[in-house]
Amino acid sequence: MSSSSRRGARWLTLMAAMAVLIAVIMLLGAVEDTADVTQAEAVSTPPVVTVEPLSVGDHQARVEVLAEVKPRWNADLKAEVGGLVVKVDDRALAGNRVQQGDPLAVIEDTRYQAELAEAEQLFREAQLAAEQAEYASRVARRQFSRAGEQPPNDLALQLPQLDIAKAAVDAAQARLNLARRQLRQTVIRAPYSGYVIRRYVSPGQMVMTGDPVANLIGDRHQDIEVRLSRAQWQLLAQPLAGQSVAILDDQGERLGKAVVRQAGGYLDETTRQYVVHLSDLVLEQDESRVLVGDLVTVRFDGRVVSNSLSIPATALTAEGAFWWVEGDDILAKSPASVVARLEDRVLVQAPEARAQWQVVALPMASYLPGQRVRPRVREVR
């Protein structure tokens, strides 16, 4: 076949393909023009929200603060005399409970026995000197009386010597008392009942006056120290001293009560919070449920807050707001002015002047103000 014939065949093929393409396009256009198009409108259903019907009113605020139970007495027992430690009692080991007066350690007492004996001798000598001075003064008085003369001065009656002798007796008595006390202090005893936390000495150790022997905490009296912010302090009814407060465990169960001994006398120098001291802790059941070092919740009954709502704690959003349903089932949102927290409830100031509210109990992050919803009421506990 010649080259001109081949070129002609290609052109015919190309023209045929173009004709087919044009025919297909025209066919599709005709079908689109005649097709019935129905536009369906999407119908959205408002979401269901759970609400609590609440009323604005007067609610008593409560303040709950975490605090630590501390012993009233906690001291490092120190040696009042120096010497060699000859014995450490088993009761002085860390963790043991001791009674008031129990011996903890013994210091070698030979030196203090000698000092006591010397003090007793000096005391007796002073007593003898005083008796002699008194006898001399009586003799001088009788002599002047027999002679019918008036003594010229006190020296003639040996009164200054008598005063000095009596003062020497007092000084010797004081030294004797000190020697007796030092001898007693060679046996270091527990000043109160409690638990040994640490032991600092061992047998054969030399101690000086003032060296620590053991750390002892008391177990008869327990105190609680509470710190309150300014906002919490303003919620409490004053005066606070003398009021009874509830003590709760970490599960919210009531353990007992305590009395406010002192409140608000000063601020903590670090946190600038009000310091409240509780004492007279009385447990209602098993006393072993509260130990020194336990963290407990102290609940104060505060003043009455007017125009407030007690909403569920779950109603608060992460940014500190709450939702409610207005008329026509429309969502509304407002920042929560939190006054106090009451267990699983939160006391907030009502943001608007209305008597009845439908507060959303479990808000969703997808809610929008003005959104229509379907409220579902649940009973207020």
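The values are calculated or read from the model by the stated rules, or taken from the named source; none is laboratory data. All values reported here derive from a predicted model rather than from experimental measurement. A quick note on method: Cβ atoms are made from the backbone with ideal geometry, for glycine too, and the neighbour counts reach across all protein chains shown. The accessibility values were calculated without ligands, DNA or RNA, using every heavy atom of the protein model including side chains. Shrake-Rupley method; radii C 1.70, N 1.55, O 1.52, S 1.80 Å.
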Contact order relative to length of the chain, as percent, for alpha carbon pairs under 8 angstrom and 6 or more apart
27
Could you order Arg220, Arg378 by accessible surface area, starting with the largest, using a probe radius of 1.4 Å?
Arg220, Arg378
Helix 3-34 versus the longest principal axis of the chain: what is the Cα-based angle in degrees, 0 to 90, to the nearest 10?
70
Accessible area (Å², per residue) of the chain, counting only protein heavy atoms and a probe of 1.4 Å:
62
Taking the chain as a Gaussian network, where each spring joins two C-alpha atoms under 10 Å apart, which residue of Val20, Val348, Val213 fluctuates the most?
Val20
Calculate the tail of P(r) for the stretch 127-228: the fraction of all Cα-Cα distances greater than 23 Å, expressed in %.
61
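With a cap of 14 neighbouring Cβ atoms within 10 Å, and only residues DSSP puts in a loop, list the GluC sites (Glu not before Pro) found in the stretch 278-354.
Glu284, Glu319, Glu343, Glu352
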Helix-only CD estimate at 222 nm, as mean residue ellipticity for the chain, using -39500 (n - 2.57) per DSSP H run (n ≥ 4)
-9500 deg cm²/dmol
In whole percent, how big is the carbon plus sulfur part of the accessible area of the chain, probe 1.4 Å, protein atoms only?
52
Taking the chain as the reference, fit the longest principal axis to its C-alpha atoms, fit the long axis of helix 159-184 to the helix C-alpha atoms, and give the angle between the two in degrees, 0 to 90, nearest 10.
40
Note, Asp280: beta-carbon cut-off 10 Å, +1 each Lys/Arg, -1 each Asp/Glu, net +1
Between Glu253 and Glu326, what is the FRET efficiency for a Förster distance of 45 Å, r being their Cβ-Cβ separation, to the nearest 0.05?
0.70
Which number comes out as Rg/Rh for the stretch 309-349 once both Rg and the Kirkwood Rh are worked out on C-alpha atoms?
0.99
What do the square roots of 5 times the Cα gyration tensor eigenvalues come to for the chain, in whole Å, largest first, as semi-axes of the equivalent ellipsoid?
97, 34, 19
Take the alpha-carbon centre of the stretch 146-170, take the same for the stretch 345-372, and report the distance between them in whole Å.
97
Qualifying aspartates and glutamates (Cα of each under 13 Å from Cα of Lys257; at least 8 residues distant if same chain)
Asp223, Asp249, Asp280, Glu284, Glu287, Asp301
Would you mind putting 299-308, 88-97 in packing order, based on average other-beta-carbon counts within 10 Å, highest first?
299-308, 88-97
Computed lengthening from Asp280 to Ser337, 0.36 nm per intervening residue step minus Cα-Cα distance
17.0 nm
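What do you reckon, how do Leu178, Leu159 stack up by accessible area (1.4 Å probe), largest on top?
Leu178, Leu159
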By a straight-distance test (C-alpha under 28 Å), which lysines pair with Lys78 as possible cross-link partners, with residues fewer than eight away in the same chain excluded?
Lys70, Lys87
Mind checking the angle between helix 110-147 and the chain's longest principal axis? C-alpha axes, 0 to 90 degrees, to the nearest 10.
50
